[in-house]
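Here's the structure, in structure tokens; my notes come after.
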Amino acid sequence: MGEKHIARLEPVGIEMEVDEDETILDAAFRQGIMLMHGCKEGQCSSCKSFLLDGDVDLDRYSTFALPDFEEAEGYTLLCRAHALSDVEIELLHYDEERLRSGVPIVTATTEVEAVEELTHDIRRLVLRVRDPDALEFNAGQYVDIGVPGADGEHRSFSMANAPGEPDRLEFMIKLYEGGRFSGLLGNDNGAIAVGDELTCKGPFGMFTLRDSSPRRLVFIAGGAGMAPILSLLRSMAEKGTERPATFYYGARTQDDLFAVEEIERLGGLLPDFTFVPALSEAEEDGGADWDGEAGLITDVVDRLEDDLADVDAYLCGPPPMVDAAIALLERRGVPESHIYFDRFTTSAG
């Protein structure tokens, strides 16, 4: 370990210990302080902050996330920054409700309990945590799973189960051609099998329900973006949440729909819940036997929602869908601070 320093976070007044060998973001994770973050790799700028005092050294990062002129002005990326002295940092993006409610990051050993086909390109992976007390998480969060045979390489996946099962992790993983991890779950390869050992590190992510909000909930997802939404819905049902909620889910064809019975069951436990699946390729699917919504999921939301100004929106799925949903919601009057999202990218393969 390196020399230790103190990082003071403003305007929240939190002080924490940081080691020179760890990034400031990792130091926060270690101590259960949930700072805003996204990719954790210097690519997305979610953790961009301003260095008020002290010195840091930055690991390699993308200048799209932190342009050179911003770095010269004092901006920094907490996922890349190593403190070289005591530092004072102004947080530009933070969620005060979640800031102090983080769960310390741990590394846990798990055993594969099940690998099942949900659709032709989405698999259900269930892992059993060998130490039930080793990995806690909040609904909507994700973990990094080590890629077998690739030392230090990992892929990030959101849990689909609720936190009430501390010894079990459930994932819904999209298969990508040539995917370093997802390719091991395919029917042809099947390199990840029941009984195999996998390492998980986490939990990460800010895609969690803000319980103090009284606003109606609108969930929008596509593909494997079902996973964290399902985790939130399962948690809501366990807690007896009474907030009105609508879940819009986009798939290509009926064969791409899954977990429908589970969602309908949860709907029976939630007092004011509506599930709206939509097919973007209903015509190609022989749409005569489909009596649900058709079209892009964002177009369906725009058509069916009269008033979106006072909602909390949770979006998860492929980047084009998430970006289109953000644009729609902002155009319809949803404040940026009421929109929470996870972009699922091909790097998750």
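The values are calculated or read from the model by the stated rules, or taken from the named source; none is laboratory data. Bear in mind that the values here come from a model prediction, so they are computed numbers and not experimental data. Reconstructed Cβ throughout: ideal geometry from the backbone, glycine too, with neighbour counts over all protein chains shown. With ligands, DNA and RNA removed, areas are computed over all heavy atoms of the protein, side chains included. Shrake-Rupley method; radii C 1.70, N 1.55, O 1.52, S 1.80 Å.
Structure summary
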{"read-out": "Any hit, the stretch 148-160, residues being farther than 30 Å from Asp255 by Cβ, touching a Ser or Thr at 6+ places or on another chain (Cβ under 7 Å) and either among the aliphatic types (A, V, I, L, M) or surrounded by fewer than 20 Cβ atoms within 10 Å (Cβ to Cβ) (or both)", "value": "no"}
{"read-out": "Positions within the stretch 89-125 being at pLDDT 95 or above and among the basic types (Lys, Arg), in sequence order", "value": "Arg123, Arg124"}
{"read-out": "In the stretch 30-55, the residues that are at pLDDT 95 or above and open to solvent by less than 40 Å² (accessible area, probe 1.4 Å)", "value": "Lys48, Ser49, Leu51, Gly54"}
{"read-out": "Leu127 being part of a strand (DSSP E or B), touching a strand residue (DSSP E or B) at 6+ places or on another chain (Cβ under 7 Å) and closer than 17 Å to Ser231 by Cβ", "value": "yes"}
{"read-out": "Matching entry among Leu84, Leu91, Leu66 (being within 20 Å of Arg30 (Cα to Cα) and open to solvent by less than 30 Å² (accessible area, probe 1.4 Å))", "value": "Leu91"}
{"read-out": "Selected residue (only one of Ile6, Ile24 is at pLDDT 95 or above, open to solvent by 50 Å² or more (accessible area, probe 1.4 Å), at negative phi and of a type in the set (A, V, I, L, M))", "value": "Ile6"}
{"read-out": "From Gly205, Gly178, residue being among the small types (Gly, Ala, Ser), open to solvent by 10 Å² or more (accessible area, probe 1.4 Å) and out of contact with any Pro (no Cβ under 7 Å at 6 or more places or on another chain)", "value": "Gly178"}
{"read-out": "Strands (runs of 3 or more DSSP E) fully within the stretch 174-286 counting 1 or more residues that are over 21 Å from the mean Cα position of the chain (by Cα)", "value": "197-204, 273-279"}
{"read-out": "Subset of the stretch 222-238 [among the aliphatic types (A, V, I, L, M) and over 19 Å from Asp272 (Cβ atoms)]", "value": "Ala224, Met226, Ala227"}
{"read-out": "Residues located in the stretch 262-276, provided they are among the charged types (D, E, K, R) and either in contact with a Phe, Trp or Tyr (Cβ under 9 Å, 6 or more places away or on another chain) or over 18 Å from Met226 (Cα atoms) (or both)", "value": "Glu264, Asp272"}
{"read-out": "Counted residues, the stretch 84-99 - those being touching a strand residue (DSSP E or B) at 6+ places or on another chain (Cβ under 8 Å) and closer than 18 Å to Ala139 by Cα", "value": "1"}
{"read-out": "Residue that is crowded, with 20+ Cβ neighbours inside 10 Å, at pLDDT 95 or above and either farther than 27 Å from Ser213 by Cβ or not aromatic (Phe, Trp, Tyr) (or both), where the choices are Leu296, Leu315", "value": "Leu315"}
{"read-out": "When residues of the stretch 69-81 are limited to those that are open to solvent by 70 Å² or more (accessible area, probe 1.4 Å) and hydrophobic (A, V, I, L, M, F, W, C), the one nearest to Leu51 (Cα to Cα)", "value": "Ala72"}
{"read-out": "Among the residues listed as Gly149, Gly179, the single one being farther than 16 Å from Cys39 by Cα and without any contact (Cβ under 8 Å) to a residue 24 or more places away in the chain", "value": "Gly149"}
{"read-out": "Residue pairs meeting the criteria (Cβ under 6 Å; at least 6 apart or on separate chains; first of a type outside the set (Ser, Thr, Tyr) and modelled with pLDDT of 95 or more, in the stretch 69-83; second open to solvent by 70 Å² or more (accessible area, probe 1.4 Å) and assigned to a strand (DSSP E or B))", "value": "His82/Asp57"}
{"read-out": "Residues located in the stretch 200-236, provided they are polar (S, T, N, Q) and at pLDDT below 95", "value": "Thr208, Ser212, Ser213"}
{"read-out": "Search result, residues across the stretch 1-45 that are part of a loop (DSSP other than H, G, I, E, B) and either in contact with a Leu (Cβ under 8 Å, 6 or more places away or on another chain) or hydroxyl-bearing (Ser, Thr, Tyr) (or both)", "value": "Pro11, Val12, Glu20, Thr23, Ile33, Met34, Leu35, Met36, His37, Lys40, Gly42, Ser45"}
